[in-house]
1. Which of the residues spanning the range 345-381 are among the basic types (Lys, Arg), within 23 Å of residue 244 (Cβ to Cβ) and buried (at least 16 other Cβ atoms within 10 Å of the Cβ)?
2. Restricting to the range 345-403, what's the tally of residues that are part of a helix (DSSP H, G or I), aliphatic (A, V, I, L, M) and over 19 Å from residue 227 (Cα atoms)?
3. Does the range 376-389 contain any residue that is among the aliphatic types (A, V, I, L, M) and either away from the ligand (no atom under 16 Å from the Cβ) or at positive phi (or both)?
4. With respect to the numbered conditions (1) free of Cβ contacts under 8 Å to residues at least 40 places away in the same chain; (2) touching a helix residue (DSSP H, G or I) at 6+ places or on another chain (Cβ under 9 Å); (3) in a loop (DSSP other than H, G, I, E, B), which one is the sole condition not fulfilled by residue 274?
5. For the range 227-267, name all the residues that are within 21 Å of residue 418 (Cα to Cα), part of a loop (DSSP other than H, G, I, E, B) and more than 16 Å from the ligand (Cβ to nearest atom).
6. Might you check whether a residue that is in contact with an Asp or Glu (Cβ under 9 Å, 6 or more places away or on another chain), at negative phi and either surrounded by 22 or more Cβ atoms within 10 Å (Cβ to Cβ) or part of a strand (DSSP E or B) (or both) occurs anywhere in the range 204-223?
7. Among the β-branched types (Val, Ile, Thr) and more than 14 Å from the ligand (Cβ to nearest atom): is that true of residue 339 in this structure?
8. Is it true that residue 223 is modelled with pLDDT of 95 or more, near the ligand (Cβ under 9 Å from one of its atoms) and among the charged types (D, E, K, R)?
Amino acid sequence: MRFADLVAWYDRIEATSKRLEMRSILVELLRATPSKDLPIVLYLSQGMLRPEYEGVELGVADSLARKAVVQATGASAAEVTASVRASGDLGTTAATLLEKRPRLDTAAPLEVEEVYAGFTSIARASGEGSQEVKVRTLVDLLNRATPAEGKYVLRFVLGTLRLGVREMSLLDALGVAFADGSKEARSRIEAAYNLSSDLGHVAATLASGSLDALSSIGLEVGRPVRPMLAERATNLAEILERMPEGAAIEYKYDGLRVQAHIPSEGAVKLFSRRLENISAQFPELVADLPRAIRHKPAIVEGECVPIDPETDEIRPFQEVSRRRGRKYDLDKIQDEIPVCLFLFDTLMAGGTSVMDRPLPDRRKELVTLVRPTDRVRLAQQKVVHDVEGAQTWFDAAIADGCEGIMAKSIAAGSSYRAGARGFWWIKYKRDYTHTLGDTIDGVVVGAFYGRGRRAGGYGALLLATYNPEEDRYESFCKVGGGFDDATVAGLPAKLKSKEVAERPKGLLTELEPDQWIEPHFVLEVRGAELTLSPIHRAGVGKIRPDAGLALRFPRSTGKWRDDKGPTEATTSDELVTMYRAQVKQAPARPAAPES
Ligand code: AMP
């Protein structure tokens, strides 16, 4: 496939803000893509080179990309700088400058495969001389590129391609392009994606056969499964009502979710909740797991929490988050902040998938599978049949330093549902002194300049929930409280790379911040209550036409949810459920509009 054709579709996608229109352009694009190019097109359109879990990064700095533009267009560095200042984007600048440059008629048109190969060699280049390799590869591509192609090449390598194409839209489009577009087809495609976490692979499998071909996609050690998620409840009685056959109540450890893949031979791989490979951050778990797991290959899940080595007590979550993203002194920090992985589920044991078996069977497998060590243990669990039993166990969890409990269904259908949120698992956290017991994980979509002590930086952030049905973000609060001075001082630097000139695609809000921020960062907040709002758009129309939900008196808890991607933030529907639960608890409270 010609790269020029692909970028023509990208131009059309970029020009639309309507979801349905975007979907039909994507359907056309997928249908027109030869099957050998399908995986590539799927990755590229999301701004990636490989599925996210492989963690392949291009690593092209702005200065390096400018160098390539200078060399390919013959413009001076000063001209490039001036043009970027005017256009705000090196991609647009490259297109303008390429337009002026005489293009060799003999230059063969770029194929998508060639561009992809170029990007891949840029990503692979490392060590001495790698900068030169990157510049040379970029220049080679730009020399053959049309202005429109050059624009996208640069945006891609700089990570500023913002087509707004997310997984949900691609899953919809795949269902229409390669099946009958029905709900059933969509859910089978999504199931294959939840198992493989690789849209390129799913698309290629679909294109090579029919929907039935998807059944060839199964569990594979080394390839993460999208995690099963929990709903929430406001009290223990509600949990037992939903689980009449009894509930397996587990401690809810406050740490990082880890999916561990233990092969028969070779290195253990650890994946975070958002499927990043985090093996390097926890060398002691990588070392201990092969000893702790009796029957390999296996895939197990647990929560990694910091532990006091002297007393064996659980320490606060913030300590383990310091270990994430750490690249140096890993040995030192391993002793400073020791961790323990509390395993709560198994997806594969001794090479056999056990995902489809009910929870009590999986727990039995897990108990036989695990030989506990200092670093790897079983999550505490007890099956209860009444509220009193659940309450006793909940109190024990809090006393042992956990944030609450996870109640899990033990019914016949309680299989492991990859990527799905449902009442098979219900989280119930300790009700702090706040009216609204639970926290909300909001996506940062904008920032407001600070005043007074915060002058010169940002004073507040605009947060949004994610709405997966519409594949869009919906604002629910402006939060300025709860930040410590160091966090406030660090906000401009933290947000810098995600600042965008225009409102991000697929964002609903009636509030205009001083600076728009591309959805990326997830912040945990608490508040007094949820109210109906004419300004915020979370769950708009679900309770009352034209009104969205807003969080009153929001405060940051200080916890950046780096383990969650923007689409894994609290959903608009969850907020609606929380609102309804709150109304049930306090029916007399008037729902005053709130900004
Ligand atoms: P939340 O992040 O608040 O949505 O709560 C769900 C998270 O709780 C999961 O993704 C896990 O990381 C964590 N968790 C802690 N203990 C358990 C457990 N026993 N079972 C399942 N998840 C747990």
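The values are calculated or read from the model by the stated rules, or taken from the named source; none is laboratory data. Not measured: the values here are computed from a predicted model. In this analysis, Cβ positions are derived from the backbone assuming ideal geometry, glycine residues included, and neighbour counts consider all displayed protein chains.
1. Answer for the range 345-381, where residues must be among the basic types (Lys, Arg), within 23 Å of residue 244 (Cβ to Cβ) and buried (at least 16 other Cβ atoms within 10 Å of the Cβ): 357, 362, 363.
2. Residues of the range 345-403 part of a helix (DSSP H, G or I): 359-369, 387-399.
Checking the rest, the ones that are also aliphatic (A, V, I, L, M) come to 359, 366-367, 369, 387, 390, 396-399.
When the remaining residues are screened for being over 19 Å from residue 227 (Cα atoms), the result is 367, 369, 387, 390, 396-399.
Residues in the range 345-403 being part of a helix (DSSP H, G or I), aliphatic (A, V, I, L, M) and over 19 Å from residue 227 (Cα atoms): 8 in total.
3. Applying the first criterion (among the aliphatic types (A, V, I, L, M)) to the range 376-389 yields 376, 378-379, 383-384, 387.
Next, only the ones that are either away from the ligand (no atom under 16 Å from the Cβ) or at positive phi (or both) stay: 387.
Within the range 376-389, one or more residues are among the aliphatic types (A, V, I, L, M) and either away from the ligand (no atom under 16 Å from the Cβ) or at positive phi (or both).
4. Of everything listed in (1) free of Cβ contacts under 8 Å to residues at least 40 places away in the same chain; (2) touching a helix residue (DSSP H, G or I) at 6+ places or on another chain (Cβ under 9 Å); (3) in a loop (DSSP other than H, G, I, E, B), residue 274 misses just condition (1).
5. The answer is 263, and nothing else.
6. Yes, the range 204-223 contains at least one residue that is in contact with an Asp or Glu (Cβ under 9 Å, 6 or more places away or on another chain), at negative phi and either surrounded by 22 or more Cβ atoms within 10 Å (Cβ to Cβ) or part of a strand (DSSP E or B) (or both).
7. Numbers: among the β-branched types (Val, Ile, Thr): yes; more than 14 Å from the ligand (Cβ to nearest atom): no.
Considered against the rule, which asks whether it is among the β-branched types (Val, Ile, Thr) and more than 14 Å from the ligand (Cβ to nearest atom), residue 339 comes out as no.
8. It is false that residue 223 is modelled with pLDDT of 95 or more, near the ligand (Cβ under 9 Å from one of its atoms) and among the charged types (D, E, K, R).
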